[in-house]
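The values are calculated or read from the model by the stated rules, or taken from the named source; none is laboratory data. Model, not experiment: these values are computed from the prediction. Don't worry about glycine lacking a Cβ; one is built from the backbone with ideal geometry, like all the others, and counts go over all protein chains shown. Protein only, heavy atoms only, side chains kept; ligands, DNA and RNA dropped before computing areas. Shrake-Rupley method; radii C 1.70, N 1.55, O 1.52, S 1.80 Å.
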Amino acid sequence: MTVLRSVCVLGVAGALGGVLTAALVAPVVSGGGMAAMNVANTFVDLPPAPREEPLAQVTRLLDKDGRPFAQFYEANRTAVPLGSVAPIMRKAIVAIEDARFYEHGGLDVRGTLRALLTNTQAGGIKQGGSSLTQQLVKNILVESARSEAERDKARAPNLARKITELRYALALEEKYRKDQILERYLNIAYFGAGAHGVEAAARRFFSTSASRLTLTQAATLAGAVRMPYSTDPSLGRAQQARLKLRRDLVLDRLAGLKQITQQEAAAAKSAPLDLKLRPEPGGCEQSEYPFYCLYVQRELLSNEVFGNTAAQRRARLARGGLTIRTSLDPIAQRAAERAIQKNVDPEDTEVAAEAMVEPLTGRIRAMAASKRFGRNRGNSKNGPKTTFNLAADVAHGGGQGFQAGSTFKVFTLATALQQGWRFGDGFQTPGELVPAQGYRNCAGRAVNDPDSRVLNAGGEGEGGPHSIETGTWKSVNIFYMMLERKVGLCNVVRTAKALGVTRADGGPLKEVPTFTLGVNEMDPVTVAAAFAAFAARGVYCRPLAIQEITGRDGRRTHVPPACEQAIERPVADAVNHVLKGVFDKGTMHGQSIGRPAAGKTGTNNGYTSAWFAGYTPALAAAVSVGDIRGSYRFPLQNVKIGDRYFGSVQGASLPGPIWVESMEPALRRVEPRGFPGPDMSRFGGGHTPGLEKALAEEELRKRRQDGHPMGRRHRRLFEWLLGEGGLEQLLGPPGRRGHHHRGAPRERIRRAARG
């Protein structure tokens, strides 16, 4: 029936009298008389169709393989075209809500009169008189309301609202075809249990899609629309019983309209509801990978690329219906989680966090922490949960970070190699160093600290000759303080900045003499990305969590890596050559992932925190360990972490094993590759006076100690007394042996540089 014919019929009906006409327009609302001609004029002079705001839809996060792991929504809705809705669902909703939908022009006079008579006899609302188009109008007005007052107006049970709704319905019939109206209705309607639209309802009620709904399922959903709250199946058995009654009513209606046979209706009515309620969690706390989710969420809310204002970005995340493919690799993610869980308990106040970053792209493959994400009971700060993204910086939901320790020595190493230092180059080091002169920050201001005294690590107080290799492998503090002074503190800072180094709290880097000893607080994502640049032969890439965004219109926006050549390729190759020795000859000796790797341990002054950052050509990762209550107040000494006791925690004793145990499975499907060899014409040929003799004497001492059983026992006891973790080696289970390098250097800075 056309709109004009609907209006004509309405005019004729108006002649029956004012009261009847008013009741026809709004069956349950009383009103004064209205002349037939006035009624007709009201519905001929139509307004434009109502303004339609984009429907709020679910934004989903996918891993790199396209599997969803988190979602955000203001309304749980996924809009679908009518062709993606099962035909029986279309028939069921039309049958129960507006059987003459395809015959009238937006105003079903016959249906309205029938509803009037039924409701009058029943003394209340027994049957709705609104056409499906009118219901769509009401939903549009509610959805588009910009204030609570507008929403109340759109729902008001009065004659004025009903007339406005009817006029808009007629306008919509002029604007859209019937199938377009039905599609919009199916996507906007609320079905209960938090499901907006037929696709979300199919998922929520039956764990299926709208395109695969069966007869009984379609009848159930169609029956839920009229009373979505009293038939919400997630609320209990009483609601489910009412839902079944509504389902059976739809089946009878379908049979009465000869859309299905009486036998089909009877068979369907005898079947149970067979609900398969699927939870639809929203937000990061209910995500499978909450820390990664939080990083992406903060990126979307803070980056102006995703909206000019914070309010726009929040609305786009909650209502935008975006599909965001991230860089998350579920294999690497699970590997990191399992390695941390194996070594650190969520109840421990000491926390471990790890981030994995892909070289040459900056894609963040994993973020994991020892605590679960969320709030503790009573909002306690101490417990198995945390709301801080321990693997990330403050801007991405993290905390203040931990001092990065000797991992920062790699920036001094790279600076020296850039300036022409060669393998084997070095110098004599004293047993202690007072940084009283020779240090200037990048503003040209002297930042010497004559009140500090820096000692060598782990029993090397007497000093001696060191090259850039042995100084790195043994992580010798004084050697690196002197090397930093020789190459220039500001030059080291510039190298670090070129490799993306920023403080976890977003503040300026502390440009002090102990910069090379890692006085700045860092987060694992930033450190992993910096080390990934060495694996990528000097190409630094900004950490990247989002790869592609697909809008509700299907348009895809690819997010390319943001990379630049931060240091020369030959310099990066030379750094890799030196850092490989950390596994063969240095602090990580005895620990391996079975393929070429390079890295650096980091143990801080007073054991306030410990790190390991390492990489292969395919993947870089950084692991931090510290006390969540405050690393300075609670150093990592004489602590029980997981099921093990530590006299002190060093980079090689806990972060190192976590790194090894996570990188092995993370790379299991990746073909091993080695690093390109260094340019020996540029970097070979260095010399350190007295080093060969010192190394020979050291080797002789080791042989004497290791050659006698009593010597080995005394050596382990000595390490334990110094807090070197020797007790774990002596008493720990065989599966854990080899994770604590005998003689690993113990870094110590007394009255470390301020600022």
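Could you pull out which residues in segment 356-372 have an amide N less than 16 Å from a spot 7 Å beyond the Cα of residue 558, following the Cα-Cβ vector? Counting backbone N atoms under 16 Å from the label point, the list is 361-363.
Which three semi-axes in whole Å describe the equivalent ellipsoid of segment 196-317, each the square root of 5 times a Cα gyration tensor eigenvalue, listed largest first?
Semi-axes (√(5λ), whole Å): 39, 15, 12.
In segment 320-427, the inverse of the mean reciprocal separation of distinct Cα atoms equals 16.7 Å; this is its Kirkwood hydrodynamic radius.
Among 373-380, 658-665, 67-74, sorting by the average number of other beta carbon atoms lying within 10 angstrom of each residue, highest first, gives 658-665, 67-74, 373-380. With one equal scatterer per alpha carbon and no solvent term, the Debye-computed log10 I(q)/I(0) for segment 314-374 at 0.13, 0.19, 0.29 1/Å reads -0.48, -0.79, -1.10. Once you sort the root eigenvalues of the Cα gyration tensor of segment 512-663 as a ≥ b ≥ c, which label holds: rounded (a/c under 1.5), prolate (a/b larger than b/c) or oblate (the other case)? In terms of gyration-tensor shape, prolate. Take the Cα coordinates of segment 140-233, assign each an equal point scatterer, and use the Debye formula without solvent to give log10 I(q)/I(0) at q = 0.19 Å⁻¹. Treating every Cα as an identical point scatterer, log10 I(q)/I(0) equals -1.02.
When Lys and Arg each count +1 and Asp and Glu each count -1, what net charge do the other residues less than 10 Å away from residue 408, Cβ to Cβ, add up to?
Numbers: positive: 409, 600; negative: 484.
Summing Lys/Arg as +1 and Asp/Glu as -1 gives +1.
Between segment 578-622 and segment 446-509, the alpha-carbon centres lie 17 Å apart.
Out of all Cα-Cα pairs in segment 449-558, roughly what percent, to the nearest whole number, are more than 17 Å apart?
Details: 3952 of 5995 pairs.
Distances greater than 17 Å cover 66 percent of the Cα pairs.
Highest mean packing comes first when the peptides 567-580, 415-428 are listed by Cβ atoms within 10 Å, giving 567-580, 415-428.
Cα-based values for segment 260-348, radius of gyration first and Dmax second, are 21.6, 65 Å.
Working out 0.36 nm times the residue gap between residue 277 and residue 153, then minus their Cα-Cα distance, what length gain in nm do you get to one decimal?
Numbers: separation 124, 0.36 × 124 = 44.64 nm, distance 3.38 nm.
Roughly 41.3 nm would be gained on extension.
The value obtained for segment 657-701, namely the Cα convex hull volume divided by the number of residues, is 153 Å³ per residue. Solvent-accessible area per residue in segment 347-420 equals 34 Å², computed with a 1.4 angstrom probe and all protein chains kept.
Using the Cα gyration tensor of segment 506-573, with a ≥ b ≥ c the square roots of its eigenvalues, what is the shape: rounded (a/c below 1.5), prolate (a/b larger than b/c) or oblate (neither)? Oblate shape, in that a/c is at least 1.5 and b/c is the bigger or equal ratio.
3J(HN,Hα) couplings calculated from phi for segment 631-641 with the Karplus curve 6.51 cos²θ - 1.76 cosθ + 1.60 (θ = phi - 60°) are, in sequence order, 5, 7, 7, 10, x, 8, 10, 6, 10, 9, 10 Hz; Gly and Pro show x. Using a cut-off of 13 Å between beta-carbons, work out the net charge of the residues near residue 488 (Lys and Arg +1, Asp and Glu -1, residue 488 not included). The answer is +2.
Per q in 0.21 1/Å, what log10 I(q)/I(0) does a Debye calculation on the alpha-carbon atoms of segment 371-457 return? Relative scattering, expressed as log10 I(q)/I(0), comes to -1.15.
Which entries in the list 64/580; 91/162; 64/371; 342/381 go over 28 Å, if you measure between the two C-alpha atoms of each? Intermediate values should be presented prior to the final figure.
Working: 64/580 30 Å; 91/162 26 Å; 64/371 24 Å; 342/381 23 Å.
Over 28 Å apart, Cα to Cα: 64/580.
FRET efficiency for the residue 698 to residue 446 pair, using the beta carbon distance and R₀ = 35 Å, is estimated at 0.45. Provide the net charge surrounding residue 307, with neighbours chosen by a C-beta distance below 9 Å and charges set as Lys +1, Arg +1, Asp -1, Glu -1. Neighbourhood net charge equals +2. Peptides 82-89, 168-175, 696-703 ordered by packing proxy, namely the average of other Cβ atoms within 10 Å per residue, highest first: 168-175, 82-89, 696-703. What FRET efficiency do you get for residue 679 and residue 45 if R0 is 60 Å and r is their Cβ-Cβ distance, rounded to the nearest 0.05? That pair, residue 679 with residue 45, gives E of 0.10.
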